[in-house]
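Below is one structure, written out as structure tokens; the observations come after it.
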Amino acid sequence: MTTRLVVVDVVVTDGSGRPITDLKQSDFEVRENGNPQKIVAFNFQPPAPVSPRADISYKPPVLPPGVFTNLRDLANIAGPPTILLVDALNTQLKDQMYLRQQLVKYLEHVEPRRNVAIYTLGARLRLIQDFTSDPELLHEAVKKVSGQSSLFNQEAQTFEEEFPGLDTDSSDQAEAQMAQELKDFEAEQQAFQRDVQVRMTLDAMNELAHNVAGYQGRKNLVWLSGSFPLTVFPDETSNRPFNTVRQYGDDLRKTAALFSANQIAVYPVDARGLVGSFMPDASHSGAAYGRLGGGARMGRDMQQASLALSTSHDTMNELASQTGGRAFYNRNDIDHAIALSVAEGSTYYSLAYYPEDKDLNGKFRKIEIKLDRRGLQTRYRKGYFAVDAQPADEKTAQAEFYRALAPEAPLATALPFIVRITPPAKDQEKNKDVVIVDFSVLPNSVTFQSQGGLQHAQVEFMSRAYDPKGKPAGTPQANMMSTELKPATYSDIMKRGLRFRQVLTLPPGKYVLKMGVRDGLGNQIGTMVARVEVPQA
């Protein structure tokens, strides 16, 4: 049975939203499912000091030639790292330009030494700028954030606009029935599209969580998005009103639990800004509301639009609440909302405890934080799933690993590792097309299970080569290492790393290597990219 340390980051503010910075461990009480827990570790992350723009630059550690790692040391950066996710998948095209303008405005005043990464979500998740505190790099990255149109974020024509001659209230029974069938078909198509859209969004969220999991401590994710409904209610105008009902709460909570487990607090920001009236404007044809009963139909449409806005805000509030963040919507100063998200998530207390209940039965456990001082507001993750480390479904795990090794996939940091790449020398006669890849995995991040006095683990290594155009080259190398380590060997590996060697055979040319490591028991993934040249003999 595994005993795990539960870490909870707590943001504490007064009634005006100002951070409280003078609390002690004795001021906090932690309860799990109503039962008091003993705090075994306590730490305070103070506000980042104001420093001149001159000392912003992050300088990566200098590694020996041919040595690469998928994790950077962010110790000298002010505050926790910030991830900006620009969600074009769930944002109407008309709102994306405004969102981009607000993002540029925020970056013009980004605090010195604030470490920021920028992702976009369209047909897939893209990393357009890895963590940096250089404002010039961030501005260049934002230039790549162009409006992305897809089937999911275009405003589709309504039934009445697409078929202006058909009326579900017609006195002609055949016409009314045809109109109703077309309307039901349209609603079911939209429901199917929404299912795909939600699945793509949650898959991208899970991928992003794995990408940044390796960075220690709290991470703040600012999710810039338009609409993502938690619940879709019955369509009262349909003959089959419950065919389009959807409830995504359970899926969202699983994603929130993954974020919480990796100390990622989500700050959703509504990309639509301040939403005005739901009255139809000049862009609507008016045909639907000009016939008999048009007033009632207009009322239903306005009610549905209002309900859709409310449910999307419910999603934002739910994800923020579950992860210890805060939602921002119905405001025109999106740039200020981003700044508030970053500032609030940069001053917090970290509490850690070992649960009194040792039974990892997979159930959700509710966390409550109580303060000894009144009048203060707290934000923290609301719980976790008590799941023991079990081998992942091999087919699903392999598919996820292969996706992470695609040339365009962002780097994953949940499993940190180092590689040394040794290409053949120019004057090398023997093995002149052999590239050696030596892995060294951070052993503390690998799941070991004790059985019969031995330490068992499963670690998969994979290397793929691509030419400069992204086409596969050579033969991919994949190996699964299974360990049965005696105490002395285990102790040695914990000091020097878990090592493995792969050999790639490549003809002369320039290549991009995508290398990955997967923890078979914990299903954590790490990936990295390096360039290599095989010279002509």
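Just a few scattered comments:
- Residue in the range 369-394 that is nearest to Lys38 (Cα to Cα), counting only those that are in a loop (DSSP other than H, G, I, E, B) and at pLDDT 85 or above: Asp372
- Qualifying residue in the range 359-367 (condition: within 27 Å of Thr21 (Cα to Cα) and either touching a Gly at 6+ places or on another chain (Cβ under 6 Å) or hydrophobic (A, V, I, L, M, F, W, C) (or both)): yes
- Yes/no for Leu23 being crowded, with 19+ Cβ neighbours inside 10 Å, of a type outside the set (Gly, Ala, Ser) and modelled with pLDDT of 90 or more: no
- Evaluated against (1) in a strand (DSSP E or B); (2) over 32 Å from the mean Cα position of the chain (by Cα); (3) exposed (fewer than 12 other Cβ atoms within 10 Å of the Cβ); (4) not basic (Lys, Arg), Pro507 falls short on exactly one condition, (1).
- Within the range 45-66, if we keep just the residues that are surrounded by 14 or more Cβ atoms within 10 Å (Cβ to Cβ) and either at pLDDT 65 or above or hydroxyl-bearing (Ser, Thr, Tyr) (or both), the residue that is farthest from Ser133 (Cα to Cα) turns out to be Gly66.
- Per the listing Arg374, Arg420, the residue uniquely within 19 Å of Gln502 (Cα to Cα) and either open to solvent by 60 Å² or more (accessible area, probe 1.4 Å) or out of contact with any strand residue (DSSP E or B) (no Cβ under 9 Å at 6 or more places or on another chain) (or both) is Arg420.
- Test: Gln398 is surrounded by 13 or more Cβ atoms within 10 Å (Cβ to Cβ) and touching a His at 6+ places or on another chain (Cβ under 7 Å): no
- Leading residue by the ranking (nearest to Tyr215 (Cα to Cα)) among those in the range 439-471 that are in a strand (DSSP E or B) and of a type in the set (Val, Ile, Thr): Val441
- Residue count for the range 206-217, restricted to those that are open to solvent by less than 10 Å² (accessible area, probe 1.4 Å) and more than 11 Å from Phe259 (Cβ to Cβ): 2
- When Leu498 is tested against (1) modelled with pLDDT of 95 or more; (2) open to solvent by less than 10 Å² (accessible area, probe 1.4 Å), exactly one condition is not met: (1).
One line per residue, one yes/no per condition, for (1) modelled with pLDDT of 95 or more; (2) in a helix (DSSP H, G or I); (3) not hydrophobic (A, V, I, L, M, F, W, C):
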| site | (1), (2), (3) |
| --- | --- |
| Ala473 | no, no, no |
| Ala478 | no, no, no |
| Thr483 | no, no, yes |
| Ala488 | no, yes, no |
| Met515 | yes, no, no |
| Gly526 | no, no, yes |
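- Number of residues in the range 434-477 that are open to solvent by 60 Å² or more (accessible area, probe 1.4 Å) and either within 34 Å of the chain's Cα centre (by Cα) or touching a residue at least 24 places away in the same chain (Cβ under 8 Å) (or both) equals 11.
Residues are listed down the side, and each one gets a yes or a no for (1) open to solvent by 40 Å² or more (accessible area, probe 1.4 Å); (2) at pLDDT below 85:
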| residue | (1), (2) |
| --- | --- |
| Gly294 | no, yes |
| Gln303 | yes, yes |
| Ser310 | yes, yes |
| Phe328 | no, no |
| Asn332 | yes, yes |
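- Some residue of the range 456-467 being polar (S, T, N, Q), more than 18 Å from Gln398 (Cβ to Cβ), out of contact with any Ser or Thr (no Cβ under 6 Å at 6 or more places or on another chain) and at pLDDT 90 or above: no
The values are calculated or read from the model by the stated rules, or taken from the named source; none is laboratory data. Since this is a predicted model, take the numbers as computed values, not measurements. For neighbour counting, all protein chains shown are included, and Cβ atoms are generated from backbone atoms with ideal geometry for every residue, glycine included. The accessibility values were calculated without ligands, DNA or RNA, using every heavy atom of the protein model including side chains. Shrake-Rupley method; radii C 1.70, N 1.55, O 1.52, S 1.80 Å.
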